[in-house]
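**Student:** I have a structure I would like to understand better, so I am pasting it below and will then ask my questions one at a time.
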Amino acid sequence: MTQDELKQAVADAALAFIKPDLKPEVIIGVGTGSTANLFIDALAKEKDDFRGAVASSEASAERLRGHGIEVFDLNDVDSLAVYVDGADEANRKLHLIKGGGAALTREKIVASVAKTFVCIADESKAVQTLGAFPLPVEVIPMARSAVARKLVKLGGNPVYREGVVTDNGNQILDVFELNIKDAEAMETEINNIPGVVTNGLFAHRPADVLLLGTSEGVKKLT
Ligand code: 5RP
């Protein structure tokens with residue numbers, strides 16, 4: 001199977017996973033990226049069976065609206081039963097690296113509100129140790145170089161993602177060569193650097209379920 005077929009398989013599996021919970025009052029958290037886009041397209045088939053969605057990016061909000069799904073501001077929502085999103089890397093503890101699409105901050109916020117975080121990914125994203133994918137860090141623009149110097153002290157090699165402005169008006173540093181042995185400690189340490197909005201490690205709030213698309217079928221990891 002191609003990577004796109006594996007992404008489609010996990011998007012469909014995520015829809016099957018959440019289907020029993022769809023009710024007219026339910027609002028669903030929806031992530032960002034090519035796998036999340038396939039989930040949005042699948043979700044559209046059930047749009048009359050739930051109330052709407054909270055999106056983790058302007059791009060996903062636009063796609064949802066394009067399907068006629070109502071998009072809610074998170075400030076107007078008390079709780080989310082489920083959040084469905086992709087990842088750039090996932091380990092066996094369901095710790096993730098996210099932010100390849102620069103939406104990490106809103107993704108982390110929406111995931112933090114959801115009761116269940118369902119991560120959908122093709123098997124190329126499954127790793128033993130996080131960090132081969134450069135860790136995205138969202139930074140306040142005036143702090144970019146200062147944050148980069150601190151990241152070098154942590155052993156990383158930060159590279160400015162030129163031309164990218166996040167939905168929050170900030171910039172992204174992609175940090176190569178980090179040795180992420182303790183993802184929770186690294187998440188905290190980087191988030192404590194002044195000027196960092198957040199980093200793409202999802203370790204303190206990992207996924208609850210990983211639907212992994214493999215050539216032998218979709219595997220459900222918890
Ligand atoms: C966006 C993300 C995405 O979930 C991640 O980059 C995976 O994307 P894709 O599904 O296109 O491989 O974190 O910020």
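**Student:** Which order do HIS204, HIS95 take by accessible area at a 1.4 Å probe, largest first?
**Tutor:** The ranking, largest first, comes out as HIS204, HIS95.
**Student:** Still on this structure, please answer the following. As an exercise, take the mean of 1/r over every pair of distinct alpha carbons in segment 91-180, invert it, and state the Kirkwood radius in angstroms.
**Tutor:** Its Kirkwood hydrodynamic radius stands at 14.1 Å.
**Student:** Return the FRET efficiency for the residue pair GLU58, GLN3: r is the Cβ-Cβ distance, R0 is 30 Å, and the value is rounded to the nearest 0.05.
**Tutor:** The calculated FRET efficiency here is 0.75.
**Student:** Still on this model: Probe of 1.4 angstrom, ligands and nucleic acids ignored: what's the accessible area per residue over the chain, in square angstrom?
**Tutor:** With the other protein chains kept in place, the chain gives 46 Å² per residue.
**Student:** With all protein chains present, how much of the accessible area of the chain (probe radius 1.4 Å) comes from carbon and sulfur, to the nearest whole percent?
**Tutor:** Whole-percent figure for carbon plus sulfur exposure: 49.
**Student:** If I model segment 1-151 as equal point scatterers sitting on the Cα atoms and use the Debye formula, what is log10 I(q)/I(0) at q = 0.12, 0.18, 0.20 Å⁻¹?
**Tutor:** Those come out to -0.50, -1.05, -1.25, one per q.
**Student:** A follow-up question, please. Please work out the FRET efficiency for the pair SER145 and THR188, using the Cβ-Cβ distance as r and a Förster radius of 30 Å; give the result to the nearest 0.05.
**Tutor:** The value I calculate is 0.85.
**Student:** By the scheme Lys and Arg +1, Asp and Glu -1, what is the net charge of all other residues having a beta-carbon under 10 Å from that of GLU123?
**Tutor:** 0
**Student:** A 31 angstrom limit on the alpha carbon distance is what I want to check against. Which of LYS7/LYS150; LYS7/LYS153; LYS7/LYS181 exceed it?
**Tutor:** Listed pairs above 31 Å: LYS7/LYS150; LYS7/LYS153.
**Student:** Lysine pairs in segment 36-128 with Cα distance under 24 Å, only those 8 or more apart or on different chains: how many are there?
**Tutor:** 10
**Student:** Using a 1.4 angstrom probe and counting only protein chains, how large is the accessible area of ASP182 in Å², to 10?
**Tutor:** 90
**Student:** Same structure, new question: Could you grab the relative contact order for segment 52-207? Cα pairs under 8 Å, six or more apart, rounded to a whole percent.
**Tutor:** Here the relative contact order equals 26 percent.
**Student:** Determine Rg/Rh for segment 30-106; Rg is computed over alpha-carbon atoms and Rh is the Kirkwood hydrodynamic estimate from the same atoms.
**Tutor:** That ratio equals 0.97.
**Student:** About its Cα centre, what dipole magnitude does segment 67-222 give when the only charges are +1 on Lys and Arg Cβ and -1 on Asp and Glu Cβ, stated in debye to the nearest 20?
**Tutor:** 480
**Student:** Once the dipole of the chain is set up with Lys and Arg at +1 and Asp and Glu at -1 on Cβ about the Cα centre, which of LEU94, VAL218, LEU6 lies farthest towards its positive end?
**Tutor:** So the residue furthest toward the plus end is LEU94.
**Student:** How do PHE72, PHE39 rank by accessible surface area computed with a 1.4 Å probe, from largest to smallest?
**Tutor:** The ordering from most to least exposed comes out as PHE72, PHE39.
**Student:** Okay, moving on. Assuming 0.36 nm per residue, please report the length gained on full extension of the stretch GLU177 to HIS204 beyond their Cα-Cα distance.
**Tutor:** Between GLU177 and HIS204, full extension yields 7.6 nm more.
**Student:** Moving on to the next point. Can you work out the FRET efficiency for the pair LYS219 and ARG65, with r the C-beta to C-beta distance and R0 = 41 Å, to the nearest 0.05?
**Tutor:** 0.80
The values are calculated or read from the model by the stated rules, or taken from the named source; none is laboratory data. It should be emphasised that the depicted structure is a prediction, and the values quoted were computed from it without experimental measurement. Here the Cβ is made from the backbone with ideal geometry for all residues, glycine too, and neighbour counts use every protein chain on show. Keep in mind that these areas ignore ligands, DNA and RNA; they rest on the heavy atoms of the full protein, side chains included. Shrake-Rupley method; radii C 1.70, N 1.55, O 1.52, S 1.80 Å.
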